[in-house]
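Trainee: Quick one: structure below, then a few questions.
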């Protein structure tokens, strides 16, 4: 199992070789050339296996009993950089995420994120894009035209995986960002490919026990496993602010999605965070 620096270098080397093959379509060749250049300008995020497993569990909940057209990216799914390379060492799979300005795509009025799956063993695959609006109900996922429902579900799952990872990165109470890879490896990538030594990040659980506020009780507040509550409509009163009358003629208020709890107390479902007191050190 390689870390993100070794994984990125492996993918770049595979792309360099692929340019010599005749069986690569011109469309794939053009995309690989653009991605190969993007490696030199991206910020890199290595996601720990524990966080990856948690994100997969969140995806299962998000897809449970819903149509693909009803799936929405989390409200905090904004990439931390304009070009991000997200890597999960346990699967040796990477995803490029490109932040697009509002109006850069037809019929998409808000900023959006293009996601492309990359690996050293296959040509890159454009997975689609998702909207990043202030209102989660507008964070629509747009998928490529695929005849196979299973492939569409896979692409939607990838979009949700990337979006959920970013939404976690944007919650510093729950995760810690540190430098990944040895200084020698990072220096080698800087000399060989011009990639900044500061571009490499490791994302792990922040398991320091959270500060308990006076309003918290032992049965609520922070003293619960980390979990995400997706945006939803709540029954409202007519006189409330921002009330919407829906198709049933009744008033509702939109409640934005939010994270609750803390990984120090475990996370939703079967996974539990490492023991309290473990520290993460920069290499």
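Trainee: Under the condition of being touching a residue at least 60 places away in the same chain (Cβ under 8 Å) and in a helix (DSSP H, G or I), which residue from region 21-34 is nearest to residue 186 (Cα to Cα)?
Mentor: Within region 21-34, the match that is nearest to residue 186 (Cα to Cα) is 32.
Trainee: Only one of 46, 50, 37, 9 is at pLDDT 90 or above, touching a helix residue (DSSP H, G or I) at 6+ places or on another chain (Cβ under 6 Å) and either part of a helix (DSSP H, G or I) or under 19 Å from residue 180 (Cβ atoms) (or both). Can you tell me which? Spell out how you get there, then give the answer.
Mentor: Working: 50 fails: touching a helix residue (DSSP H, G or I) at 6+ places or on another chain (Cβ under 6 Å); 37 fails: touching a helix residue (DSSP H, G or I) at 6+ places or on another chain (Cβ under 6 Å); 9 fails: touching a helix residue (DSSP H, G or I) at 6+ places or on another chain (Cβ under 6 Å).
Step by step, each of 46, 50, 37, 9 is checked, and only 46 is at pLDDT 90 or above, touching a helix residue (DSSP H, G or I) at 6+ places or on another chain (Cβ under 6 Å) and either part of a helix (DSSP H, G or I) or under 19 Å from residue 180 (Cβ atoms) (or both).
Trainee: Name the residues in region 59-94 that are in a loop (DSSP other than H, G, I, E, B) and closer than 15 Å to residue 11 by Cβ, would you? Spell out the reasoning first.
Mentor: Of region 59-94, the ones in a loop (DSSP other than H, G, I, E, B) are 64-67, 71, 73-82, 89-92.
Matches in region 59-94: 89, 91, 92.
Trainee: A follow-up question, please. Could you check residue 131 against (1) free of Cβ contacts under 8 Å to residues at least 24 places away in the same chain; (2) over 26 Å from residue 17 (Cβ atoms) and say which number it fails?
Mentor: (1)
Trainee: Here's a follow-up. crowded, with 19+ Cβ neighbours inside 10 Å, closer than 21 Å to residue 170 by Cβ and modelled with pLDDT under 85, is that true of residue 86? Steps first, please.
Mentor: On the way: crowded, with 19+ Cβ neighbours inside 10 Å: yes; closer than 21 Å to residue 170 by Cβ: yes; modelled with pLDDT under 85: no.
Spelling it out, it is not the case that residue 86 is crowded, with 19+ Cβ neighbours inside 10 Å, closer than 21 Å to residue 170 by Cβ and modelled with pLDDT under 85.
Trainee: Another one. Which numbered condition trips up residue 120, out of (1) in contact with a strand residue (DSSP E or B) (Cβ under 6 Å, 6 or more places away or on another chain); (2) assigned to a loop (DSSP other than H, G, I, E, B); (3) surrounded by 18 or more Cβ atoms within 10 Å (Cβ to Cβ)?
Mentor: If we test residue 120 against (1) in contact with a strand residue (DSSP E or B) (Cβ under 6 Å, 6 or more places away or on another chain); (2) assigned to a loop (DSSP other than H, G, I, E, B); (3) surrounded by 18 or more Cβ atoms within 10 Å (Cβ to Cβ), just (1) comes out false.
Trainee: Which one of 235, 182, 229 is modelled with pLDDT of 85 or more, farther than 30 Å from residue 5 by Cα and exposed (fewer than 15 other Cβ atoms within 10 Å of the Cβ)? Walk me through it before giving the result.
Mentor: On the way: 182 fails: farther than 30 Å from residue 5 by Cα; 229 fails: modelled with pLDDT of 85 or more.
Of the residues listed, the single one that is modelled with pLDDT of 85 or more, farther than 30 Å from residue 5 by Cα and exposed (fewer than 15 other Cβ atoms within 10 Å of the Cβ) is 235.
Trainee: Determine, yes or no, whether residue 269 is modelled with pLDDT under 80 and within 29 Å of the chain's Cα centre (by Cα). Step through it out loud before you land on a result.
Mentor: Values: modelled with pLDDT under 80: yes; within 29 Å of the chain's Cα centre (by Cα): yes.
Judged against the criteria, residue 269 is a match.
Trainee: Another question about this same structure. So for region 66-79 (the condition being loosely packed, with under 14 Cβ neighbours inside 10 Å, within 25 Å of residue 120 (Cα to Cα) and modelled with pLDDT of 95 or more), does at least one residue qualify?
Mentor: For region 66-79, residues loosely packed, with under 14 Cβ neighbours inside 10 Å, within 25 Å of residue 120 (Cα to Cα) and modelled with pLDDT of 95 or more: absent.
Condition check ((1) touching a strand residue (DSSP E or B) at 6+ places or on another chain (Cβ under 8 Å); (2) not in a loop (DSSP other than H, G, I, E, B)) across all residues:
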| residue | (1), (2) |
| --- | --- |
| 96 | yes, yes |
| 145 | no, no |
| 156 | yes, yes |
| 168 | yes, yes |
| 188 | no, yes |
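The values are calculated or read from the model by the stated rules, or taken from the named source; none is laboratory data. Please read all numbers here as calculations on a predicted model, not as lab measurements. Here the Cβ is made from the backbone with ideal geometry for all residues, glycine too, and neighbour counts use every protein chain on show.
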